[in-house]
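**Q** This is the structure I want to talk about, given as structure tokens.
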Amino acid sequence: MFQRSYFHSGSWAVALPLLLLAGVQPVSASESISADEVTELRQQLADSNALIGSLNQRVQTLENGQPSGGGLSPSDEARIAALEDMFLDMDERVGTRGLVQAFDAISIDIGGFLTQSLTVVKGGGSSDASFNNTQFELLIAAQITEEVSFFVAQGFLREADVDFTTPSMPFFRKSAVRDPLIISWANYKHSDAVQVRVGRFVTPQGIINIEHFPPVLLDINQPMFLRPFSGNTIFPNFLSGAQVHGKFFLGEGGEDVLSYVVFSGAFTGSDADDFISGGRVQLVLGDSGFTVGGNFTHGHRTAMPGSLGNMSIVPGGSLTTNDYNVGGADLLYDKGAILWKTEYFYSGEQGNEDRTAFYTQPGYRVNDKWIVFYRYDYLDPGQGLEQSTEHMVGFNFLPVSTVRIRAVYIRKEFKGTDDEADILQLSTTFSF
Amino acid sequence: MIFHMPKQLMGLVIAAVICLGLMAEMASGGDDGGPVEYAVIVNASNSFADEASASNVVKQLFLKDREDWPNKNKDQAKPFGRAAGSPETKAFLAKVLGMTDAELAKHWIALKQKTGKTPPREVASDKMLARFVAKFPGGFGVVKADAAQADGVKVLFTFKH
């Protein structure tokens, strides 16, 4: 209202001189004004009013974009608020603490996880219980250059292994403290299609061995053919060596992803000059949820007798010395509520008993927090040892994505002795 | 009385119609509550322009399942994210990634554990994201469509949410 009255009076302020110039002087000079002059004066007055209206509109437009008091526009205020939030966030994280810098790397990330399990085991003749596993792993990843990255997983474990040497009398061994260097590799990326990795890595075979880490596994006890940890029941869980890997994006829109890896390396539980080589091909079929994989490994085993591994029916090393060829296939379905993993491996042992492993593990995501699953697991470990079967049912509860709480029941069957054992295990994994 | 009742009724009817109209406007998404248009912006030098595969390629690059742009220079991708729970993130999750918050969180946990790769850096505002994208040849991110016209960037594709 104020602005209107201001410019209303302002219009008079402009119009008055015009009137004086155009109208008053002629009145004093002559007694009559012609009709043409009146029309001209009216036109000039109309033009003046139009100009004033235009100026008035422009001033109002400027005022709308700039609040009274000469402040900032709403968009600038929002931008400054975002910058202030970012600054506060940075200040909260850093504060007066010193900054950590990598020696020579573009970036360095540190993470890890802690797993704690409680296990109750019951055989035909005895039962036992223990907080048998505390596992802390520190993960460090560094980007050394745009092409070269580095990744290490250092484990700090306290474990009391479940011993099934006498299947009807399972018991927990005394706790052992272990600090294995689980993974340590450097990766050179030439392109998506060609990358080279050297160091100690998870043997790229199958599904679960590659996933490996407890924060992503439904059960911390991997299938029997991957036990004991760091073992070589069918193929070594880990290798020290080199691998070439890459991906190709196929189909319209590159939705199908074909990946490959070829590797060669040494297994720490075997002779140092026992080279183990192999490869894997995997195809992700677009958004269908299906991933199929094929695997091959050739190697040599050197007998290194030892005690049975944790919850395993085989020792960490082999009981036989021979060359072997492993072939395997796996199928993963991961879409919507269904998560279903299946792997099959067959190892032809030259001069000795062949080995076979198979498991299938359907899971159902009830919602974002709850997953229920079942696993049928079969292992014929060769080496003159008996076969074993496990039926497992369990659930996972994830109150937040970085916390996984599990409860599993395992029915373990020993084919040779017809013994059975029941295992109940609760475990939690916290990752960061 | 006979003549007053119809007027009152008419007043009620008019008020009801106005209320219904306002409700319908809100439900159908007027200027305030309707779908918002977003744009995935890339560096202006990025020669990738395959509209048919753009959304899928952006998804693969953002999730770090793929690292190089399928363009002439094979630029190393540098994705930028938006704050968790922001309208931009919600729209990008729903329309481009096709994932829920929980599924995305699980994806990053798995990737971190297996390879040490971490989620893209989060950028607070549209203008800052545009500046970051303009700085890196392989840079990309999602902004509101009306903020996509910035120096050094161009729109790869748009979507509404």
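The values are calculated or read from the model by the stated rules, or taken from the named source; none is laboratory data. Just so you know, these numbers come straight off a predicted model, no measurement behind them. Counting neighbours? That spans all protein chains shown, and the Cβs are built from the backbone with ideal geometry, glycine included. For the accessible areas, the whole protein counts, side chains as well, though only heavy atoms, and no ligand, DNA or RNA atoms are used. Shrake-Rupley method; radii C 1.70, N 1.55, O 1.52, S 1.80 Å.
**Q** Using Cα centres only, tell me the gap between the range A:171-202 and the range A:256-270 in whole Å.
**A** Measuring centre to centre over Cα atoms gives 12 Å.
**Q** Next question. Do you know which residues of the range A:145-186 lose at least 20 square angstrom of accessible area in the protein assembly compared with their chain on its own, with a 1.4 angstrom probe?
**A** Buried by 20 Å² or more upon assembly, which counts only protein chains, are A:E146, A:F151, A:W185.
**Q** Which value, in Å to one decimal place, does the Kirkwood hydrodynamic radius take for the range A:152-213 when every pair of different Cα atoms is included?
**A** This gives a value of 14.8 Å.
**Q** Within the set of other residues whose C-beta is less than 12 Å from the C-beta of A:G336, count the net charge using Lys and Arg as +1 and Asp and Glu as -1.
**A** -1
**Q** Helix by helix, which DSSP H runs in chain A go 18 Å or more along their axis at the Cα atoms and have an average Kyte-Doolittle hydropathy of -0.5 or more?
**A** Answer set is A:2-19, A:74-94.
**Q** Projected onto the charge dipole of the range A:168-287 (+1 at Lys/Arg Cβ, -1 at Asp/Glu Cβ, origin at the Cα centre), which of A:V216, A:N232, A:V281 gives the Cα projection farthest towards the positive end?
**A** After comparing all options, I get A:N232.
**Q** Carbon-plus-sulfur fraction of the accessible area of chain A, 1.4 Å probe, in percent?
**A** Using a 1.4 Å probe with all protein chains present, chain A comes out at 62 percent carbon and sulfur.
**Q** State the Kirkwood hydrodynamic radius of the range B:37-160 in Å, one decimal place, computed from all pairs of distinct Cα atoms.
**A** In the range B:37-160 this quantity evaluates to 14.3 Å.
**Q** Can you give the three extents of the C-alpha atoms in the range A:154-286 along their principal axes, from longest to shortest, in whole Å?
**A** 58, 34, 24
**Q** Please work out the ratio of the alpha-carbon Rg of the range A:114-163 to 2.2 N^0.38 Å and round it to two decimals.
**A** After normalising by residue count via 2.2 N^0.38 Å, the value is 1.85.
**Q** Where does the Debye-calculated log10 I(q)/I(0) of the protein assembly as shown sit at q = 0.07 Å⁻¹, using only Cα point scatterers of equal weight, no solvent?
**A** Log10 I(q)/I(0), no solvent term: -0.59.
**Q** For chain A, modelled as a Gaussian network with Cα springs under 10 Å, which listed residue fluctuates most, A:V366, A:V326, A:V393?
**A** A:V366
**Q** To the nearest hundred square angstrom, how large is the accessible surface buried between A and B, total for both chains, probe 1.4 angstrom?
**A** Interface area, both chains combined: 2500 Å², rounded to the nearest 100.
**Q** Please give the length that would be gained between A:S34 and A:D354 if that part of the chain were fully extended, namely 0.36 nm times their separation in residues minus their C-alpha to C-alpha distance (nm, one decimal).
**A** Taking A:S34 through A:D354 to full extension adds about 102.9 nm, to one decimal.
**Q** Still on this structure: Let me have the 222 nm mean residue ellipticity of chain A computed from DSSP H runs of 4+ only, each contributing -39500 (n - 2.57), with the sum over all residues rounded to the nearest 500.
**A** -6000 deg cm²/dmol, from helical runs alone.
**Q** If you don't mind, another one. With Cβ to Cβ distances under 11 Å as the rule, what net charge do the other residues near A:G241 carry (K, R +1; D, E -1)?
**A** Computed value for this residue: +2.
**Q** Give, ordered by residue number, each residue of the range A:241-266 whose 1.4 Å probe accessible area is reduced by a minimum of 50 Å² on adding the remaining protein chains to the chain alone.
**A** Going by heavy-atom accessible area, the residues of the range A:241-266 that drop by at least 50 Å² are A:F249, A:G253.
**Q** So what's the range A:277-427 giving for Rg/Rh, alpha carbon basis, Kirkwood Rh from the mean inverse pair distance?
**A** Rounded to two decimals, Rg over Rh is 1.02.
**Q** What accessible surface, in Å², does a 1.4 Å probe find on A:Y344, ignoring ligands, DNA and RNA and rounding to the nearest 10?
**A** Counting only protein heavy atoms, A:Y344 exposes about 100 Å² to solvent.
**Q** Evaluate peptide B:114-121: per residue, the Cβ atoms of other protein chains within 10 Å of its Cβ; return the mean as an integer.
**A** Per-residue shielding by partner chains comes out at 5.
**Q** Let me ask something else about it. A:H391: net charge of surrounding residues, Cβ under 13 Å, Lys/Arg +1, Asp/Glu -1, itself excluded?
**A** -3
**Q** When the Cα centres of the range B:72-117 and the range A:81-153 are compared, how far apart do they sit, in Å?
**A** For the range B:72-117 versus the range A:81-153, the Cα centre distance is 20 Å.
**Q** Please list the three semi-axes, largest first and in whole Å, of the ellipsoid equivalent to the range A:214-323, using sqrt of 5 times the eigenvalues of its alpha carbon gyration tensor.
**A** Gyration-tensor ellipsoid for the range A:214-323: 31, 18, 10 Å.
**Q** Now a separate question. Probe 1.4 Å, all protein chains in place: accessible area of A:R158 in Å², nearest 10?
**A** Approximately 90 Å² of A:R158 is accessible to the 1.4 Å probe.
**Q** Give the range of the longest stretch in chain A that excludes all GluC sites (Glu not before Pro) found in loop regions by DSSP and having at most 12 other beta-carbon atoms within 10 Å.
**A** In short, A:147-432.
**Q** As an exercise, use a Förster radius of 30 Å and the Cβ-Cβ distance of A:S126 and A:I405 to find the FRET efficiency, rounded to the nearest 0.05.
**A** E(calc), rounded to 0.05, equals 0.60.
**Q** Dipole of chain A (Lys/Arg Cβ +1, Asp/Glu Cβ -1, origin at the Cα centre): which of A:L55, A:L250, A:Y359 lies farthest to the positive side?
**A** Sorting the options by dipole projection puts first A:Y359.
**Q** Per residue, how large is the accessible surface of the range B:37-160? Use a 1.4 angstrom probe and give square angstrom.
**A** 44
**Q** Could you check the simple spin-label distance between A:V244 and A:H391, using points 7 Å along Cα→Cβ, in nm with one decimal?
**A** The two pseudo-label positions are separated by 4.8 nm.
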